[in-house]
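Participant: Sharing a structure with you now.
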Amino acid sequence: MPALPFPLPEIPATVPTEAYLILSGILFALGCTGVILRKSALTIFMSIELMLNAVNLSFVAFARQLGQFDGQIFVFFVMAVAAAEVAVGLAIIIDIFRSRCTADIDDVSWLKG
Amino acid sequence: MELLVFLGVAALSVASALMMIAQRNAMYSALFLVLNFFCLAVFYVLMGAYFLAVVQVAVYAGAIMVLMLFVIMLLNVAQPEPSDRRLGVFRPFGVIAAFILLAELVAVGARYGAPPEAQATGATTAAVTATPLARPTIPPAATPIADHVGAADVGHTQQLAAVLFSRYLFPFEVTSVLLLVAILGATILARKRPEYEDVAGVSVRIK
Amino acid sequence: MTDLLWLVPALPLAGSVVNLFFGRRLGNPLAGMLACGAVSASFVIAALAVLQYTAGDTTHPFQQHLFPWIAWGTGRTETTVAEAGLMLDPLACVMVLVVTGVGSLIHLYSLGYMAHDESYPRFFTYLNLFTFSMLTLVLANNFLLMFVGWELVGLCSYLLIGFWFTRPSAASAGKKAFVVNRVGDWGFLIGLFLIWATFGTFQFFGENHAPGVLDDPGGVLKGGAGLDLSWLFGEGVVFPVTLAIALLLFVGATGKSAQVPLYVWLPDAMEGPTPVSALIHAATMVTAGVYMVARAHSLYELAPEALTVVAAIGAITAIFAATIALVQNDIKRVLAYSTVSQLGYMFLGLGAGAYASGIFHLMTHAFFKALLFLGAGSVIHGLSDEQDLRNMGGLFKYMRVTAITFLIGWLAIIGIPPFAGFFSKDLILAKTFERGQEDPVFLVLYLLGLITVGLTAFYMSRLVLLAFFGRYRGAEAHTPAEAAAAPEHEPVAAAAAHDAHADAHGDAAAHAGPHESPATMLIPLVMLAFLSVVGGLIPLSGLPPFIFGEHGETQVEQFLAPSLSAHAAGAVEHVAALDPMIEWGLTLASVGVAVLGALFAAALYLAGRPRPADLIDTFRTPYRWLINKWYVDELYQALIAHPGARLASFLSAFDLGVVDGAVNGVARLARGTGGLLRGLQSGYVRGYAVTFVVGAFAVLAYWAFRP
């Protein structure tokens, strides 16, 4: 490496857990934003999937940190449940679309109190 | 080296996430999400969760997103959706909310810190287990990826399976019931009703 | 037979209940005959019981304890606060015979009088109920049961006055009677409270070791146990409990017996059917006050000031009512004011300490006043509901029996010997004069009484002359002067009575001209006339006919002595009886005044010199005052009714505005809050999502920044 006039910061050889956590947080926040800001039901769904994956990421990071498998197993279950949720959710969206011809989430306000 | 990989893939994942939520076209959003999932798979590999990485690709990217793409195409919502007049002036607030959320997450994380380092052997995990096998060891993260190949000890998948089918057997069974219920539900909800008929490839209610 | 005493009130009660449930089915005339039979049977049993009792020892009352009513405490410490018990003593004997006797005659009379009324069964239900109530009142052996009877007769009075309730004047007259009575009852009730607090019992006469209120009205107080009101009046100041009780009970008597100032209901009570006026407002209910004071005489003896008050109110009422009666044109009104006046006489006698005289007058008055009222009813019936004296006249030749019996009643009431009224009225005046020897106030009261004799004679003679003699004025116009000075508030009774009775009679035109009444109405008249003749001469307890007996006590007084002798400890001792010469002088004076009054009336209405119209013109202002009843009703209206109505409307507004407002306000608050909260349920999924996020923020913030 060529010598630099300033000392290089200490670069850890491994990726610290905090980095994964921050990344997970960013992805989670982005997912939240998507849920709030988007109009189409499908897009909202995808944002939710993003949030779930962000959480998965942090789970695995902690699993590695603690040296246990529990985190990974939890991720396994999360994926299974996410799959089920997607299946049912999409079925609902399809049904609503059939009767109302809209996938706009603001149009499904029939439970108005 | 690992750090560089991490940084690059992380940047890619964040970028794809941003693109996903910003896209007007649902199809594009889905595709960006798929890209995000791939990035996550890479992370899993980096962290040594090989099985999960494969499952991520196979289930999430391969099944779930495909399903969503099917639905997008079925419902023909791939057109760019009109801009949301209702939100209008409040749009920046969503972004601000995201930042607040992030800040809070960081604050909590900083407050409570990272969990303590595990022992290298990992033989002293707290939970009581009835597994007949020896407590599997996780190769330390510092070990380069290449060193994992051909490890003399039991493979990662087997270790995962050992824990899954012993300690988490009950949740496993319950999850299978859950999946069954989901299948039934999806089938019933999405089936064709007599009052619908296909109009231009889309089932439209006729009553 | 005395053991069957309980049957005496029970039979009319049974009759009332049967008529209540089955009256409509029994119909006319069975319902009436049932009622009549019940009261007559009561009379027979009562008479037999009285005979049996008087044959024995009359110094102790006969008591029949039926059942304990209100008990206090449990087990061994259980004491009976009040019981349902009956009692027979000389005073009660007189009362029960009067009530059942005159009551039966009036029931018989009503069979004919109410024959055409469509609410025939209801009338007899009420009438029997009234008889039961009155009998409870006179036969009770304790104050509380007497009060029950007291209240019940008030209720029956209301029901019967307003019998034709579809007529607004009748309905309001009933209300007026009840409300005014209530004022009196308030006094009675406070008196009852004081009695309980002071004596610890309501019984009149105790047994064994538990003395009743009247056994020893002074002993308890002097002994020590009594009402300790030192916290109210300060130490050392003795609260005059007996005086308070006496006065409060008298307030009740004022209401029930129509004395000043609570008499205003009685004239209006003439809205009711005439038998009701005869029974309730002449012979029985209004005498309840007199009976009560007589019964509690030993209490009054200990509070001489109360007796003076009683006598004074009595005398004032007597003359006051007599003045109003002078100019009334409705036949029943004249009789009503006459009743008020005669009741005043009774209280005058009681207040003078001559309780027996008051009761004696009560008895004779029951006879002749009932007779007069029933006679008036017969006249009204015969004239197809004409009640105005100015439209009558010369009825003697049309209704012989009615007229003759009415004349007998007339002679009795103005006090001509040897008719009944003479003896009792004369006794009262004599006793008042006697009392006046030691207390000059009573001389003044005597004078008032004497003047009233003259007034009574005048207005009763006027009534008789206008109704039965002279020319029949039929459907003529009224005489000019009396018509011009018509009362400012035209009594609706006269006009309205036409409607009710005409309806009852169906076709008024069917009766052409004045005619005599049916036999069922005439028989009671004759019997009452007989009683009015001999009532003063009735031998009592087998003693010889009435003369002034030994020791200056009359037969009546001797009979009633066990009940009414004023020998309580510490009572005022009376001076010995008057010189017989003075007594004869007094008698001559009262008879003379009565004859004078009658002669004056004859001069006015028979001979026409001076002409009544001229007299009215001369004394125009006094006449106006009299015919408007001294404007007392208007005074009460302004002083009490209007402020009361204003208070009521204020309270009503308060209730609506504040109370209802608060309740409604709570409801509105709930609805408002609900409305606010409903905003959360917008149905917008994104709104919900935002809520999630905000919630998550909050939780995270807590975890991030908690101390």
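Participant: Within region C:75-125, can you find the residues that are of a type in the set (Gly, Ala, Ser), more than 19 Å from the chain's Cα centre (by Cα) and closer than 30 Å to residue C:165 by Cα?
Facilitator: C:110, C:112, C:115, C:119
Participant: Let me ask another. Can you confirm whether region C:628-643 contains a residue that is exposed (fewer than 11 other Cβ atoms within 10 Å of the Cβ) and more than 14 Å from chain A (Cβ to nearest Cβ)?
Facilitator: Checked against the condition, which is being exposed (fewer than 11 other Cβ atoms within 10 Å of the Cβ) and more than 14 Å from chain A (Cβ to nearest Cβ), region C:628-643 yields at least one hit.
Participant: Within region C:279-295, how many residues turn out to be outside any helix (DSSP H, G or I) and of a type in the set (A, V, I, L, M, F, W, C)?
Facilitator: So the count comes out to 0.
Participant: Within region B:181-190, how many residues are within 9 Å of chain A (Cβ to nearest Cβ) and farther than 10 Å from residue A:94 by Cβ?
Facilitator: 6
Participant: Right, next: Give region C:676-696 a look and list any residue that's of a type outside the set (Ser, Thr, Tyr) and either part of a loop (DSSP other than H, G, I, E, B) or more than 10 Å from chain A (Cβ to nearest Cβ) (or both), or say none.
Facilitator: Residues of region C:676-696 of a type outside the set (Ser, Thr, Tyr): C:676-681, C:683, C:685-687, C:689-690, C:692-696.
Residues satisfying the conditions are C:676, C:679, C:680, C:681, C:683, C:694, C:695.
Participant: I'm trying to understand the selection: among the residues of region C:590-606, which are under 11 Å from residue C:415 (Cβ atoms) and either in contact (Cβ under 8 Å) with a residue 60 or more places away in the chain or over 34 Å from the mean Cα position of the chain (by Cα) (or both)?
Facilitator: C:590, C:591, C:593, C:594, C:595, C:597, C:598
Matching residues to (1) of a type in the set (Ser, Thr, Tyr); (2) at pLDDT 70 or above; (3) assigned to a loop (DSSP other than H, G, I, E, B):
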{"residue": "C:179", "(1), (2), (3)": "no, yes, no"}
{"residue": "C:191", "(1), (2), (3)": "no, yes, no"}
{"residue": "C:194", "(1), (2), (3)": "no, yes, no"}
{"residue": "C:201", "(1), (2), (3)": "yes, yes, yes"}
{"residue": "C:216", "(1), (2), (3)": "no, no, yes"}
{"residue": "C:228", "(1), (2), (3)": "no, no, yes"}
{"residue": "C:252", "(1), (2), (3)": "no, yes, no"}
{"residue": "C:262", "(1), (2), (3)": "no, yes, yes"}
{"residue": "C:277", "(1), (2), (3)": "yes, yes, no"}
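Participant: I've got another one for you. Any idea which of A:48, A:36, A:26 is more than 7 Å from chain B (Cβ to nearest Cβ) and part of a helix (DSSP H, G or I)?
Facilitator: After applying the criteria, what remains is A:48.
Participant: Quickly run through region A:94-103 and pick out the residues that are more than 7 Å from chain B (Cβ to nearest Cβ) and at pLDDT 80 or above.
Facilitator: A:96, the sole residue that qualifies.
Participant: Take the residues of region C:126-148 that are touching a residue at least 60 places away in the same chain (Cβ under 8 Å), within 19 Å of residue C:70 (Cα to Cα) and in a helix (DSSP H, G or I): which is nearest to the chain's Cα centre (by Cα)?
Facilitator: Step by step, filter region C:126-148, then rank; the result is C:137.
Participant: Further question on the same structure: Report yes if some residue within region C:572-589 is surrounded by 20 or more Cβ atoms within 10 Å (Cβ to Cβ), β-branched (Val, Ile, Thr) and either farther than 20 Å from residue C:438 by Cα or at pLDDT 80 or above (or both); otherwise report no.
Facilitator: For region C:572-589, residues surrounded by 20 or more Cβ atoms within 10 Å (Cβ to Cβ), β-branched (Val, Ile, Thr) and either farther than 20 Å from residue C:438 by Cα or at pLDDT 80 or above (or both): absent.
The values are calculated or read from the model by the stated rules, or taken from the named source; none is laboratory data. Computed from a predicted model, the values in this text were never measured in an experiment. Please note: Cβ atoms are built from the backbone with ideal geometry, for glycine as well, and neighbour counts cover all protein chains shown.
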